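This report concerns only the one structure given below.
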Amino acid sequence: MEPMPARWLVTLAALIPVCLSATASAQEGAAESNYVPPIERRSGFNIGLSYGLGVGSYVGYPNEVEKIDNPEYRSSTGAAPASGLSIWLGGALRDWLSVGVGMFTAGGGDENLVAGGSAFGMHIESFPLFPLGGAFKDLGLVTEFGAGAGIMEDKDGEETANGGSMSMVGVGFLFEPWQFWRMSHGPSLMYRYQFSDTMTASTVLVGWRLAFYWTQKDEG
């Protein structure tokens, strides 16, 4: 799998002051209206990352019209070991809702074929059971969607499939019961699906996430 494009890292870094400015503006607006929502768990600027291991399945064709859907040029890894990394930044708008943008990569394969993909898009975390209190305040749902690219190569490094411009959707669960300073961490479970006319990529990853919140309360 190819390394994360440098221009996307630059884009993520450039968004940090924008998110901080938006958070400050929201707080100023709340103060002007004489109402500041009480913070019970998390608020403000948010940045995080997660890494996971699991299983992936990649199927594709060369990105050439005459080869698409032609069985002679079909490549497939079957169910193969996979791994993935996510990095995102944004803001916790409420204790139970965080919205941001991120970079998502995943890859896998065996001794014959190796495939990988990456995408840039939205990362949304919600905590629908937050009103129940206790551990439910840290049990969340993850939704992701965006666009990216993917390729597949054989053991000699020759490209056997190219996804071109691929759409991406992802859903999962997170649990962040452990806190220190302004950091929270815990396990995660994610399913991501990338697709285009020439390639599909499915991954299921069990991993660990680490998130920073500008304001965080630990009920310890």
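Panel order for 152, 168, by other beta carbons found within 10 Å of each beta carbon, from fewest to most: 168, 152. The HN-Hα couplings worked out from phi for region 86-96 by the Karplus form 6.51 cos²θ - 1.76 cosθ + 1.60 (θ = phi - 60°) are 10, 9, 9, 8, x, x, 8, 6, 9, 4, 10 Hz, whole numbers, x standing for Gly and Pro. Among residues other than residue 98 with Cβ under 10 Å from its Cβ, the summed charge is 0 (Lys and Arg +1, Asp and Glu -1). Exposure proxy shown here: for 101, 171, 114, the number of other Cβ atoms within 10 Å sets the order, fewest to most, as 171, 101, 114.
Sequence-ordered 3J(HN,Hα) estimates for region 178-183 from the Karplus curve with 6.51, -1.76 and 1.60 and θ = phi - 60° stand at 9, 10, 8, 6, 9, 10 Hz, glycine and proline given as x. Per residue, the convex hull spanned by the Cα atoms of region 145-191 measures out at 140 cubic angstrom. Computed from point charges on the beta carbon alone (+1 for Lys and Arg, -1 for Asp and Glu), the dipole magnitude for region 50-139 about its Cα centre is near 360 Debye. Suppose R0 equals 22 Å. What FRET efficiency, 1/(1 + (r/R0)^6) with r the Cβ-Cβ distance, do residue 217 and residue 124 give to the nearest 0.05? Between residue 217 and residue 124 the formula returns 0.50.
Label point of residue 208 set 7 angstrom out along Cα-Cβ; within region 178-199, amide nitrogens under 15 Å from it belong to 178-180, 184-189. Between residue 69 and residue 183, take the C-beta separation as r, use R0 = 35 Å, and let me know the FRET efficiency to the nearest 0.05. Approximately 0.15, to the nearest 0.05.
Karplus-based coupling profile of region 124-141, in residue order and whole Hz: 10, 10, 10, 10, x, 9, 3, x, 6, x, x, 5, 5, 5, 10, 9, x, 10, with θ = phi - 60° in 6.51 cos²θ - 1.76 cosθ + 1.60 and x standing for Gly or Pro. Close amide H contacts of residue 160 (hydrogens built in the peptide plane, cut-off under 5 Å, sequence separation of 5 or more or a different chain): 152, 153, 154. Using the Cβ of residue 211 as centre and a radius below 13 Å, the other residues enclosed give a net charge of +1, where K and R count +1 and D and E count -1.
Computed extension gain for residue 136 through residue 167, at 0.36 nm per residue and net of the alpha carbon distance, reaches 8.0 nm. Residue 198 sits among other residues whose Cβ lies under 14 Å from its own Cβ, and their net charge, with Lys and Arg +1 and Asp and Glu -1, is -3. Compared with the direct C-alpha span, the chain from residue 39 to residue 175 gains 47.1 nm at full extension, assuming 0.36 nm per residue.
Every number here is computed from the coordinates shown, using simple stated rules; none is lab data. Here the structure is a predicted model, which is why all the values come from computation and not from measurement. Note: ideal-geometry Cβ built from the backbone for every residue, glycine included; neighbour counts use all protein chains shown.
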